[in-house]
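Chemist: One structure, as structure tokens, below. Some questions next.
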Amino acid sequence: MSFPSLLKTLVPGLFLGGITCALFASAYAVEKTWFFHPGLYWGSFLLIPIGFLLLVRWEKRQERKDAKSLLKSFFLLFFLNSLCYNAFYLAMLHSGDGELLEIQYQLIQDKVRTEALPKDGNDSNVWKIDRQDLKENLRPTKMLLGFAQGLLPGFMLSFLFAQLLKISENGSVS
């Protein structure tokens, strides 16, 4: 990937990451617990295919891109969006509102109490976490590992989109 090509994907990727962060910041500003709402988290992933489609429109105007270069562009877009979100989340947890960790802990505890406890009341096999465990799991090094683990599904998603685009343009996979 040449530098000009990289730059053409860098800007949309950072823009998409900024939109993702703005979405979460808006939810946080309205109601702090919304920051951890599963619908918001999973819904934010819809921004990635939208970003892919916008990138395709841009690339078509440039009249270039084979499946391999599309894959590189799509993956870079995914990578930058994820990087922005993870950096924002880390900043919110460690330099922003200290209450955020407590909110996340309480939401986890509520979920465990309402959904994980067996009917007989025996909680010996229930997943347990204390505040210190949660704090340990949200250290920058652990979050970096989680970010790295998310890159494989991002690559697979990028590959899928590149192949689907290739099929739609050529009528077959080669």
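Chemist: Which of the following residues is without any contact (Cβ under 8 Å) to a residue 24 or more places away in the chain, over 22 Å from SER69 (Cα atoms) and out of contact with any Lys or Arg (no Cβ under 6 Å at 6 or more places or on another chain): GLY43, GLY18? Before you say what the answer is, go through the steps one by one.
Modeler: Values: GLY18 fails: without any contact (Cβ under 8 Å) to a residue 24 or more places away in the chain.
Matching residue, one of GLY43, GLY18: GLY43.
Chemist: Name the single residue that is nearest to TYR85 (Cα to Cα) among those in region 151-174 being of a type in the set (S, T, N, Q) and at pLDDT below 80. First the steps, then the outcome.
Modeler: Going through region 151-174, the residues of a type in the set (S, T, N, Q) turn out to be 158, 163, 168, 170, 172, 174.
Checking the rest, the ones that are also at pLDDT below 80 come to 168, 170, 172, 174.
Values: SER168: 31, ASN170: 35, SER172: 35, SER174: 35 Å.
My answer is SER168.
Chemist: A further question on this structure: Scan region 67-78 and report the pairs whose first residue is more than 14 Å from PRO153 (Cα to Cα) and whose second residue is part of a helix (DSSP H, G or I) and of a type in the set (Lys, Arg), with Cβ atoms within less than 8 Å and a gap of 6+ or a chain change.
Modeler: ALA67/LYS166; LEU70/LYS166; SER73/LYS8
The values are calculated or read from the model by the stated rules, or taken from the named source; none is laboratory data. Given the structure is predicted, the values throughout are model-derived calculations rather than measurements. Using ideal geometry, Cβ is built from the backbone for each residue, glycine included, and neighbour counts are taken over all protein chains shown.
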